[in-house]
Amino acid sequence: DGGITQSPKYLFRKEGQNVTLSCEQNLNHDAMYWYRQDPGQGLRLIYYSQIVNDFQKGDIAEGYSVSREKKESFPLTVTSAQKNPTAFYLCASRPAEAGAWGYTFGSGTRLTVV
Amino acid sequence: GQNIDQPTEMTATEGAIVQINCTYQTSGFNGLFWYQQHAGEAPTFLSYNVLDGLEEKGRFSSFLSRSKGYSYLLLKELQMKDSASYLCAVRGLKAAGNKLTFGGGTRVLVKP
């Protein structure tokens with residue numbers, strides 16, 4: 001079955017370390033998105049990519065980096081510059097011409113700084 | 001930019017009706033979504049409005065007024081499993097990546 005896979009489900013990071021969150025989709029979707037969610041709050045956009053080898057900053061890109069070398073993969077790196085990285089991270093994808101049904105979300109990665 | 005407001009929390013009784021309001025101010029509008037999210041899980045799609053009016057899907061209905069920047073989600077015949085957060089999201093224009101901008105979510109608690 002097609003879908004989005006995020007790994008790992010839980011991730012622990014020491015302060016000062018970079019970590020990379022994986023997001024892979026086999027839906028042949030063109031656009032991919034990374035969102036951050038803090039407890040009791042909505043989702044905030046970190047980065048998005050509409051095509052391979054191109055991506056744009058969202059509302060809270062500072063301290064994060066991404067790459068889009070392959071259509072099916074959009075990894076997110078949380079760098080040591082991100083001052084408060086503990087959060088729930090969600091990846092989503094969408095085909096180029098999406099109606100109401102186009103957005104598919106992964107199951108998320110919960111990152112905790114220890 | 002986008003600004004989306006919805007109440008933080010609502011409580012209702014099993015079998016009752018609850019209406020969750022969402023107001024928005026946007027620089028570009030290309031549809032409004034409602035998602036349900038249980039704690040620690042991904043959001044799941046509930047409804048989509050791009051034209052004014054009411055969309056009904058079983059126990060859930062959603063309404064949109066673009067001129068007022070207003071939407072609501074109506075949950076009827078509430079069940080215990082409806083206890084969750086409900087997220088209002090506005091989609092931006094295609095030229096801006098069709099990005100979804102989310103409100104802070106409304107946590108609904110259904111009591112017996």
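Starting from the Cα of B:N30, step 7 Å toward the Cβ, then list every residue of segment A:51-67 with an amide N under 18 Å from that point.
Residues A:51-52, A:54-59 qualify, since their backbone N sits under 18 Å from the label point.
Loop by DSSP (not H, G, I, E, B), at most 13 other beta-carbon atoms within 10 Å: where is the longest site-free stretch of chain B for trypsin sites (Lys or Arg not before Pro)? Don't jump to the answer; show the numbers that get you there.
Working: sites that count: B:R59, B:K68.
The answer is B:1-58.
Ignoring ligands, DNA and RNA, what percent of the 1.4 Å accessible area of segment A:1-64 is carbon and sulfur? Present the calculation step by step, with values, prior to reporting the outcome.
On the way: 1570 of 3510 Å².
The C+S portion of the solvent-accessible surface of segment A:1-64 is 45 percent.
So which of A:K14/B:K99; A:K14/A:K83; B:K68/B:K111; B:K81/B:K111 end up more than 21 Å apart, counting from Cα to Cα? Could the numbers behind the result be given before it?
Values: A:K14/B:K99 32 Å; A:K14/A:K83 12 Å; B:K68/B:K111 32 Å; B:K81/B:K111 10 Å.
Beyond 21 Å between Cα atoms: A:K14/B:K99; B:K68/B:K111.
With chain B treated as a Gaussian network of Cα nodes joined by springs under 10 Å, which of B:G97, B:G40, B:G53 yields the largest mean-square fluctuation?
Top of the fluctuation ranking is B:G40.
Placing unit charges on C-beta atoms (Lys and Arg positive, Asp and Glu negative, everything else neutral), compute the dipole magnitude of segment B:1-68 about its Cα centre in debye, rounded to 20.
180
Please check: in the Gaussian network model of chain B (C-alpha springs, under 10 Å), which one of B:A39, B:A89, B:A12 has the largest mean-square fluctuation.
Among B:A39, B:A89, B:A12, the largest mean-square fluctuation in the Gaussian network model of chain B belongs to B:A39.
Buried by at least 40 Å² relative to the chain on its own: which residues of segment B:28-74 qualify, computing accessible area with a 1.4 Å probe on protein heavy atoms?
B:Q37, B:G40, B:A42, B:P43, B:F45
Under a 5 Å amide H to amide H cut-off, with H placed in plane at 1.01 Å, what residues pair with A:Y47 once short-range neighbours are removed?
Those qualifying (amide H under 5 Å, at least 5 residues apart or on another chain) are A:W34, A:G58.
With a ≥ b ≥ c taken as the square roots of the eigenvalues of the C-alpha gyration tensor of segment A:8-58, please select rounded if a/c is under 1.5 and otherwise prolate if a/b is larger than b/c or oblate if it is not?
prolate
With every protein chain present, what is the per residue accessible area of the protein assembly as shown (1.4 Å probe, Å²)?
Value returned for the protein assembly as shown: 48 Å² of accessible area per residue.
Once you wrap a convex hull around the alpha carbon atoms of chain A, what is its projected area averaged over all directions, in nm²?
7.0
With the solvent-accessible surface defined on protein heavy atoms using a 1.4 Å probe, which residues belonging to segment B:87-112 display a reduction of at least 30 Å² in accessible area in the multichain context relative to the isolated chain?
Residues losing area: B:R91, B:K94, B:G97, B:N98, B:K99, B:L100, B:F102, B:G104.
Rounded to the nearest 0.05, what FRET efficiency is calculated for B:F45 and A:S67 with R0 set to 30 Å and r the Cβ-Cβ distance?
Values: r = 28 Å, r/R0 = 0.93.
Taking R0 as 30 Å, the efficiency between B:F45 and A:S67 is 0.60.
Would you mind classifying chain B by shape? Square roots of the alpha carbon gyration tensor eigenvalues, ordered a ≥ b ≥ c; an a/c under 1.5 is rounded, otherwise it is prolate if a/b is larger than b/c and oblate if not.
prolate
Full extension from B:T8 to B:L93: what is 0.36 nm times the residue separation minus their Cα-Cα distance, to one decimal in nm?
On the way: separation 85, 0.36 × 85 = 30.60 nm, distance 2.71 nm.
Going from the current span to full extension adds 27.9 nm.
Classify the protein assembly as shown: rounded, prolate or oblate, from the alpha-carbon gyration tensor (a ≥ b ≥ c, eigenvalue square roots; a/c under 1.5 rounded; otherwise prolate if a/b is larger than b/c)? Could you put the intermediate results ahead of the total?
Values: a/c = 1.87, a/b = 1.43, b/c = 1.31.
Prolate, because a/c is 1.5 or more and a/b exceeds b/c.
I want to check the label-to-label distance for A:S107 and A:D54. Put each point 7 Å from Cα in the C-beta direction and report it in nm to one decimal.
Taking the simple label geometry, A:S107 and A:D54 are separated by 3.3 nm.
Once both labels are modelled 7 Å past Cα along the beta-carbon direction, what's the B:S67-A:F12 spacing in nm?
It is 5.8 nm.
Before we go on, tell me the buried accessible area for the B/A pair, both chains summed, 1.4 Å probe, in Å² to the nearest 100. Please list the in-between numbers first.
On the way: alone 6110 and 6390 Å², together 10770 Å².
Approximately 1700 Å², summed over both chains.
Suppose accessible area is computed on protein heavy atoms with a 1.4 Å probe; arrange B:D82, A:D54 from highest to lowest.
A:D54, B:D82
Could you tell me what percent of the accessible area of chain B is made up of carbon and sulfur, with a 1.4 Å probe and every protein chain present?
Percent of accessible area from carbon and sulfur atoms in chain B: 50.
The values are calculated or read from the model by the stated rules, or taken from the named source; none is laboratory data. Since we're looking at a predicted model, the values are computed, not measured. We place every Cβ from the backbone using ideal geometry, glycine too, and count neighbours over all the protein chains shown. SASA here: full protein model, heavy atoms, side chains in, ligands and nucleic acids out. Shrake-Rupley method; radii C 1.70, N 1.55, O 1.52, S 1.80 Å.
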